[in-house]
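Chemist: This is the structure I have questions about; it appears just below.
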Amino acid sequence: MPGKTVLVLGAGVGGLVAASRLRRMLDKEHRVVLVDRSPIFTFAPSFAWVMLGQRRVERLSRDLRKLERKGIEFKAAEITGLDFENKRVQAQNGEELPYDYLVISLGVDYSSEEVPGLNRAWTFYHAEGSEGLREELPKLSGGRVAVCVTALPYRCPPAPYEGAMLLEHFFRKRKIRGEVELHLYSPEQVPLKATGPEIGGRVLDLLHERDIGFTGGVTLKSVDHEQGQLHFSDGSEAGFDMLIATPVHRLPNVLKGSALVNGGDWVAVDRKTLATAAPDVYAIGDTTVIPLANGTQLPKAGVFAHGQAEVVARNIAAEIADNQPLWDFGGQGACFMETGGGRGTYITGRFFNEPEPDVVMRGPSRMWHWAKVGFERNWLWRWF
């Protein structure tokens, strides 16, 4: 049997896990090719620690080209076209990449164009923004700090709440907490809507215990930096001196208008197999949309991209070996949420449960903070 080529687009959590698993399971005559616009992987779950000066981006970064020693071919290229009929992918450098199986794990693109003034807001959702905040926060002596969820959906739903609580402790350690008004704004009426009302209520309690204000049900329309005003779509306004916001999340341009999107905003997949409308094409992670029984969507989070990658890799390997694919993605996921002061929570759930996801939050405690520290170290060691 001639060797097969499995092409993996995107070297975030999902793409990296998929490529690594495939390489371990496939014989050497089969190629595993991983493509990403950047040759450097950075561990995004730790960006809030970068913001506070507790991590350096270099410590969280790994060179994807070193995966070659594991037998994974890596190409640093921007994907510009997808030809599902002829099973080819076009790169910006003019190269055409053929495939037998395609795994799309392109994540999201960040944008600020939709909200006037958002481009001047601070963010810890990427490395550059986290490093900028690390330099800016020590200069703050007081004022109104607004943490804003700009639009839905967005990556890692607990992150803005985690960020707000870490900031609260940061200001307390600097003995300026009494001079800082900390407030969080979100389009969701309660935090983490997909997890259900109980978890959302517990997160609200954590915010209130730390005197962090919360206004839900508001969508940011524009930002007036000169007047220090946030303007929301319902006509309400709020003042700020420092704005830390999530960027607007959008489908990567190469996927817009493709047959995989089917008129929506994200790639539609079979929620168990992650198969798309195109033959031998799978999509995983933040690029996809998976509706839940309670009317929400599966959160965009690395833990789900990881689990989906495991399923897709195993099923592709089984098919190449002429075996029956047997793996299904079950919607299970877990994540950590820091609460400040060396404490954290652990949220775990079965999101395909009906009529509501079955989600539990443990902590806060020091154990879960140190578990997150250990997770960071283990993940980077395991996959590189």
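The values are calculated or read from the model by the stated rules, or taken from the named source; none is laboratory data. Predicted model, so just to flag it, every value in this text is computed and none were measured. Glycine gets a Cβ as well: all are built from the backbone with ideal geometry, and neighbour counts include every protein chain shown.
Chemist: Can you confirm whether residue 306 is under 17 Å from the mean Cα position of the chain (by Cα) and part of a strand (DSSP E or B)?
Modeler: no
Yes/no matrix, rows are residues, columns are (1) touching a helix residue (DSSP H, G or I) at 6+ places or on another chain (Cβ under 7 Å); (2) over 30 Å from residue 370 (Cβ atoms); (3) surrounded by fewer than 20 Cβ atoms within 10 Å (Cβ to Cβ):
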{"residue": "49", "(1), (2), (3)": "no, no, no"}
{"residue": "64", "(1), (2), (3)": "no, no, no"}
{"residue": "131", "(1), (2), (3)": "yes, no, yes"}
{"residue": "142", "(1), (2), (3)": "yes, yes, yes"}
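Chemist: Further, regarding this structure: Out of all the residues in the range 269-303, which are part of a strand (DSSP E or B), under 23 Å from residue 11 (Cβ atoms) and out of contact with any Ser or Thr (no Cβ under 6 Å at 6 or more places or on another chain)?
Modeler: 275, 281, 282, 288, 289, 300
Chemist: Limited to the range 254-279, what total is found for residues that are over 27 Å from residue 327 (Cα atoms) and modelled with pLDDT of 95 or more?
Modeler: Number of matching residues: 1.
Chemist: Still on this model: Where residues in the range 361-376 are in contact (Cβ under 8 Å) with a residue 24 or more places away in the chain and of a type outside the set (Phe, Trp, Tyr), which of them is surrounded by the fewest Cβ atoms within 10 Å (Cβ to Cβ)?
Modeler: Ranking the candidates gives 366 first.
Chemist: Pick out the one residue from 288, 339, 348 that is without any contact (Cβ under 8 Å) to a residue 40 or more places away in the chain, crowded, with 22+ Cβ neighbours inside 10 Å and either among the hydroxyl-bearing types (Ser, Thr, Tyr) or under 28 Å from residue 251 (Cα atoms) (or both).
Modeler: 288
Chemist: Where in the range 194-234 are there strands (runs of 3 or more DSSP E), lying fully within it, with 1 or more residues that are closer than 22 Å to residue 350 by Cα?
Modeler: Result: empty, no element qualifies.
Chemist: Could you please let me know if residue 97 is surrounded by 15 or more Cβ atoms within 10 Å (Cβ to Cβ), closer than 30 Å to residue 175 by Cβ and not acidic (Asp, Glu)?
Modeler: no
Chemist: Mind telling me which of the residues 209, 226, 237 ends up being of a type in the set (D, E, K, R) and within 30 Å of residue 360 (Cα to Cα)?
Modeler: 209
Chemist: Tell me, which residue of the range 59-71 that is of a type in the set (D, E, K, R) and in contact (Cβ under 8 Å) with a residue 24 or more places away in the chain is nearest to residue 320 (Cα to Cα)?
Modeler: 70
Chemist: Pick out the one residue from 202, 172 that is among the basic types (Lys, Arg) and under 26 Å from residue 137 (Cβ atoms).
Modeler: 172
Chemist: Hey, which of the strands (runs of 3 or more DSSP E) in the range 72-180, taking only ones fully inside, have at least 3 residues that are under 24 Å from the mean Cα position of the chain (by Cα) and either touching a residue at least 60 places away in the same chain (Cβ under 8 Å) or assigned by TED's automatic domain parsing to the domain that holds residue 311 (or both)?
Modeler: Those strands (runs of 3 or more DSSP E) span 73-76, 79-83, 101-104, 109-111, 143-148.
Chemist: Same structure again: Residue 295 - would you say it is out of contact with any strand residue (DSSP E or B) (no Cβ under 7 Å at 6 or more places or on another chain) and buried (at least 22 other Cβ atoms within 10 Å of the Cβ)?
Modeler: no
Chemist: Can you give me the number of residues within the range 334-364 that are within 28 Å of residue 294 (Cβ to Cβ) and among the small types (Gly, Ala, Ser)?
Modeler: Looking only at that region, the number is 4.
Chemist: Could you figure out which of (1) modelled with pLDDT under 95; (2) within 21 Å of residue 55 (Cα to Cα) isn't true of residue 324?
Modeler: Single failed check for residue 324: (2).
Chemist: Which of the residues belonging to the range 340-362 are assigned to a strand (DSSP E or B) and touching a Phe, Trp or Tyr at 6+ places or on another chain (Cβ under 9 Å)?
Modeler: Matches in the range 340-362: 340, 343, 344, 345, 346, 347, 358, 359, 360, 361, 362.
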